[in-house]
Each structure stands twice: as C-alpha cells, then as structure tokens.
Amino acid sequence: MGIFEKIFRSHPRWGVHPNDHKRPAADTPLRSLPVPEFLYVPMQQHVGGPARPVVLVGQRVLKGELVAEAQGNVSVPVHAPTSGRITAIGEITAPHPSSLSQLAVTIAADGATPGVRVPVSDPFALAPEEIARRTAAAGVVGLGGATFPAAVRFNLGRRLKVNTLIVNGGECEPYLSSDDRIMRDRAPEVVDGLRIVMHAIGASEALVGIEDNKPEAIAALTVAAAAFGNVHIRPVPARYPMGSDKQLIQTLTGLEVPADARAAEVGVLVHNVSTCAAVHRALRRGEPLVERIVTLNGGALARPGNVLAPIGTLVVDLLRFAGVIGRPARLLLGGPMMGVVLPHARVPIVKGASGILALDASEALLPEAGPCIRCGSCTRACPMGLLPLEMASRIVAEDLDGATGFGLSDCIACGCCAYVCPSQIPLVQYFSYARENCRRASGTGCAMRRAGAWPEERLARLAREAQEKAAVAARRKAEREAARAAAAAVAAPARPPAVPAVRAPSKAAT
C-alpha cells in the first residue's frame, strides 16, 4: 500500500464529524426490558413482501413459534417474541412519519415459555445452502438498517463468488450505540456468526471495520478473533457516514463500487455485527429473531442506555422504562441523520429499530432556512461525490429529470449536505421528496438517467431481437428439413436390384 493511499484511508475527504452524543448511553450496562403486557408484531419488518399470518385469534403461541410465513423469494417469516395468546390480527400505526397503518399480530403476553428449538452443534458441517435455509427460517434480516433478508444475500454472495466478508461495526450515527454494546457484551457470538456467514458465502477472509471511538468494542473483538487467522479487526476513522457500505468498502479495501453495481460484484459482501450475532443464535441455538438491542437516548430521557427488547414492544413502553422527562419535543426511530420522525409513541419497534431517540427542545431545534451562498460545503461533504446544490436547484424547479441526471439515484440520504449547510437548507429532505416522486412516476423520464438515449437503445434492441429471431427461425427450419429427410428415408420401400433388359430376337435372325 502506497503512502498516499494510506493517507487517504486514514483521513477521508468526505463526510462530517458531528458530536456523537453516544455517552453515557454506550457505557451503561445492557438491560433487559420486562415483557410488556401486549406486543404488536408487524408483518412488514423487512425489504420485500410482507409475511402472511398463519395463526388465529384466540390461539396460544410459544416464544419463537411461527406466526407468519414468508411470501415470495424476498421475504422472511415472523415469530412470536413471547408466549401468550393472539388477541387480534389487524391494522396498527406503522413506525413511519406517514402514520399509515399496517397489518400486525397482537399477543397478550403470559410469560416467555420457549417453543421447540433445533440447534446445530457444528454449523460448519452443513452445506452453505442449508445455512441459508435455516437463516431464512429464523427470520434474520440485516440489522444495520437495511433489513434485507440475510439468506438472500448469502445466496447472492455464493453465486457471485465473493472472496471477502466485510463486517460493519462502524455505527457512525450519533446517539446510537446498540452495535457497540453487542460487540462489547457478545463478542464471541459476533465472531462465530461472521465465520458462519463466511462459510455460507464461500469467503476466505473477513474484515471487521470498527470506528476508532469504540476502543472497548475493538478490544473485545480482537480477543474473540485472536484464534482465527482469517478474521481481521480493522479500526477506521470515526467519521460520518463511515458505516455506509460503499464508504466502508473503499476504506478497508480500496475498492470503489460503481454507482450502478452491487458490492458483491466487486468481490465483497457487507453484513452488520448484529446480523452476525443473530446468525449465530439462529444456527447454534435454534433461536429465531424475536428480540434486539435498542438504544434509548436523548435529552428527554432520565436513564439513557441500551435495552434488550422483544420485537413488537411499543415505543411508549420503552420510554417509560428509560424514564421519560416531560413531553419529548421529537421522537425518532433511528439516528438523527437518517432516522425517521415517529408520529406518536404508540407504535411498535421492528427488527431494524436500532434506537429510539427522545429529543428535548434544544436538540430538536430546526433553524429557518436561508438562501444558498454557493459556498460548496455540501459538495465537499458528500460521500458519493455528488453535487447537492445542482440537484436541489432542479428539484425546486420541479425538474426531476435534471436532478436524476446529476445523480439523484446515487444519493444515500446520509444528510451530510444538510448538516454542513450554513444556510440550513434541508437538502436531504429535497432529495427524499424527489426520489419518492420518481418512484411514483416510474416509467416516465425521471426514472432514467439517459432519457435521450432511449430511441437509439430501442432501435438497437429491436435489431438484436430481429437477428436472434432470424437465427432461431433458420435453426428450426434446418431441423425440420433434417427431420423430414430422415422420415422419408425410413418410410420409402426398398427397391429390387436392377435387372438388365433382354431384347427380343429380330425376325431376320429367325
């Protein structure tokens, strides 16, 4: 590695460095939330199709028992976070700013009686396909926020022959420390889980990226991974958004993932540390994903920290456990940079809920936006190398095609541009608005970057299809003619051998 590459990796030229606000929550010992009286388990907790309920109202379920089955290839099942009785199957408010409803199963808890578990003593003796099947059956999804079904990514990595597994322990979002806590408290589970993932995808090495503001987590994982020569703990600079997949890949390997490609296409696959721990529990203990560590933080909480909570717990129960002070000025699901505002506290946590922030008035203050002074701060901060100012100006003018041409689809909505803007322009909100409109208008011009190339692409496609059709027709014609010739040869009767003609004698000869 050259000196300039070392300097670039140790001092990224993108992103921002906000006050992390992680302590004292990160240093508070992990606590377990007492099981609430009722749990509201949503059917849509993952990317892909929602799960379909397989239980009935009045039915009693055990902890870990299947309550909803996956629908489609990109979907995962949902399990009971506790034992109890199904009291309702209906709509509840989704943990989303829209306040829209979604289907959920309501369980009246009566304890935590576990159901039947099928642990595996040696997951490395299983075929990779079996590991993926068991991971899917346990309902494991990406716990870093993406909530993509883990087993689908296993199959993708194996199909594309991924060589390196990158384990994301960056947790760059301010206030959040659930990943930090799981690395400190469950380091052996994380390491064992990532080794199982390596076996499932066929990777030969693993790089664990942890921001250098988490020395306790780095030390714990270093000890847990000491016996495995192909697992490497790599501290990275504490800089937001270091936890983004593409930024972490480039920092650890020097590889740059193209804008229109997936990480697996350059030989790497990224999984979160909490996801690896969930894979360990799914294989080693036979436990489905029914609980997770959630960070409770913010100025409106008396006892911030991290709690192990069942999926489906209402936010109001978590706030009560952490000692809410007065009325929070704002509730966030996730971090302050990429999290979403909750409409109220009577919404359940889901598998991707890394944290609940109860912000007081000073933390939730939103200054009024001013005019752009064209300072270029947003461009320097953008980790994707985009031009936020150019995109925003076109969005304001309702020119979504123009914004798309400047890379709107490559925006990861990290919020760096809005954070550094001296005029307090809500740039990331502009981009979210435009991307949602582009999704709604799929099939129109804003869905494509190179709209001007459509006619040429269409003509080329038609010519290619015509050539393919002609080749197929010629091949079929040749096959038909050969078949007819063969059939004619079989059906024709055998001819007798030719007999020389005998001429009758002439009268002169007689």
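How would LYS246, LYS469 rank on accessible area, largest to smallest, probe 1.4 Å?
Working: LYS246 55, LYS469 140 Å².
Accessible-area ranking of LYS246, LYS469, largest first: LYS469, LYS246.
Filter LYS161/LYS469; LYS22/LYS246; LYS161/LYS477; LYS22/LYS351; LYS22/LYS63 down to the pairs with a C-alpha to C-alpha distance above 30 Å, please. Intermediate values should be presented prior to the final figure.
Values: LYS161/LYS469 33 Å; LYS22/LYS246 24 Å; LYS161/LYS477 40 Å; LYS22/LYS351 21 Å; LYS22/LYS63 32 Å.
Distance filter (> 30 Å) returns LYS161/LYS469; LYS161/LYS477; LYS22/LYS63.
Quick check: from the Cα gyration tensor, does region 87-145 come out rounded (a/c under 1.5), prolate or oblate?
Oblate shape, in that a/c is at least 1.5 and b/c is the bigger or equal ratio.
Could you sort ARG284, ARG374, ARG346 by accessible area so the largest value comes first, with the probe set to 1.4 Å?
Ranked from most to least accessible, the order is ARG374, ARG346, ARG284.
Enter the accessible area per residue of the chain (Å², integer; probe 1.4 Å; all protein chains in place). It would help to have the intermediate numbers written out before the result.
Working: 24630 Å² over 510 residues.
It amounts to 48 Å² per residue over the chain.
ALA397 to ALA483: FRET efficiency via 1/(1 + (r/R0)^6), r the Cβ-Cβ distance, R0 45 Å, to the nearest 0.05?
On the way: r = 64 Å, r/R0 = 1.43.
With R0 = 45 Å, the Cβ-Cβ based efficiency is 0.10.
Roughly how many Å² of PHE406 are accessible to a 1.4 Å probe, to the nearest 10?
Near enough 70 Å² of accessible area.
What figure, in Å² to the nearest 10, do you get for the accessible area of THR106 with a 1.4 Å probe and non-protein molecules left out?
10 Å²
When the chain is fully extended, how far beyond the present Cα-Cα distance does ALA146 get from GLN429, taking 0.36 nm per residue of separation?
Numbers: separation 283, 0.36 × 283 = 101.88 nm, distance 1.91 nm.
Length gained, ALA146 through GLN429: 100.0 nm.
Pop out the carbon and sulfur fraction of the accessible area of the chain as a percent, whole number, probe 1.4 Å.
Heavy-atom surface of the chain belonging to carbon and sulfur, 1.4 Å probe: 57 percent.
For helix 273-284, what angle does its Cα long axis make with the longest principal axis of the chain, in degrees from 0 to 90 and rounded to 10?
Between the helix axis and the principal axis of the chain, the angle is about 70 degrees.
Can you list the residues of region 366-401 with backbone N under 20 Å from a point 7 Å past the Cα of ASP260, pointing along Cα to Cβ?
The answer is 384-387, 400-401, whose backbone nitrogens lie closer than 20 Å to the label point.
For region 320-410, what mean projected area does the convex hull of the alpha carbons give, in nm²? Intermediate values should be presented prior to the final figure.
Numbers: hull surface 34.1 nm².
Here the figure is 8.5 nm², rounded to one decimal.
Could you order the peptides 56-67, 186-197, 127-138 from most to least packed, using the average number of other C-beta atoms within 10 Å per residue?
186-197, 127-138, 56-67
Using only alpha carbons, build the gyration tensor for the chain and give me the equivalent ellipsoid semi-axes, biggest first, whole Å.
Semi-axis lengths for the chain are 55, 32, 25 Å.
Send over the per residue convex hull volume for region 92-188, Cα only, as a whole number of Å³.
Given the Cα convex hull of region 92-188, per-residue volume reads 206 Å³.
The values are calculated or read from the model by the stated rules, or taken from the named source; none is laboratory data. Model, not experiment: these values are computed from the prediction. Virtual Cβ from ideal backbone geometry, glycine too; neighbours counted across all protein chains shown. Just so you know, the surface numbers come from the protein's heavy atoms only, side chains and all, with ligands and any DNA or RNA stripped out. Shrake-Rupley method; radii C 1.70, N 1.55, O 1.52, S 1.80 Å.
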